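Have a look at the structure below before the remarks.
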Amino acid sequence: VFGDLLLLGNCAAFATFLTLARPTLARVGTLPATAWLFIFGAVEALPFTLWASIHTDWLGLSSGVVWSLVFVFIGPTLLTYILNAYALTRAEPSFVAVFVYVQPVVSLLGAWILLATPPEPRAIVAAIVVLAGIFIATRPSRRAPAHPIAASPPELLAQD
């Protein structure tokens, strides 16, 4: 239950960020805003990470572990936040939020390519459903107007 509550809290925090960050990103810029986001995040995480950081033998880590840490920091962390912030300056938050659902599909492909872990059939079906949902959510609306007068240009209405 605690984990589920943390997940819900994360969703609420991310939704709030997507909704409120756009004006700040437009005013400050993508890179400075992302830098400040990381600074505040590091300060906030410090009480939870300081003990483990002090007691880690950083020089004893294998090169594979170091490169994995570098990859995780640059790829799924830094670049993701920069691209997300960039997208928020050019699209509606609800549109940007939809692409969070690409993450499991990328993870599925990454595990297959990098770890030689073939996806299970249910994971393939889930990925197809996720991609179909993203396609449906991001395609332009083609709904007919609710009322014919609502679709009429103002000059046609003036002639009546």
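Which pairs do you get when a residue that is within 26 Å of V106 (Cβ to Cβ) and small (G, A, S), found in region 50-78, comes within reach of a residue that is modelled with pLDDT under 95 and outside any helix (DSSP H, G or I), reach meaning Cβ atoms under 7 angstrom, with the pair 6+ apart or on two chains?
Sorted first by the residue in region 50-78, then by its partner, the list stays empty.
Any idea which of T56, T49 is of a type in the set (S, T, N, Q) and more than 25 Å from the chain's Cα centre (by Cα)?
The conditions single out T56.
Might you let me know whether region 29-40 holds any residue that is touching a residue at least 60 places away in the same chain (Cβ under 8 Å) and either in contact with a helix residue (DSSP H, G or I) (Cβ under 7 Å, 6 or more places away or on another chain) or among the charged types (D, E, K, R) (or both)?
no
Is there a residue being farther than 21 Å from C11 by Cα, among the acidic types (D, E) and modelled with pLDDT of 90 or more anywhere in region 40-54?
Taking every residue of region 40-54 in turn, none turns out to be farther than 21 Å from C11 by Cα, among the acidic types (D, E) and modelled with pLDDT of 90 or more.
Restricting to helices (runs of 4 or more DSSP H) lying wholly in region 62-149: which have 3 or more residues that are within 13 Å of the chain's Cα centre (by Cα), under 30 Å from L20 (Cα atoms) and modelled with pLDDT under 90?
By residue number, 80-88, 93-98, 102-115.
The values are calculated or read from the model by the stated rules, or taken from the named source; none is laboratory data. Here the structure is a predicted model, which is why all the values come from computation and not from measurement. Positions of Cβ are generated from backbone atoms using ideal geometry, with glycine treated the same way; all protein chains shown enter the neighbour counts.
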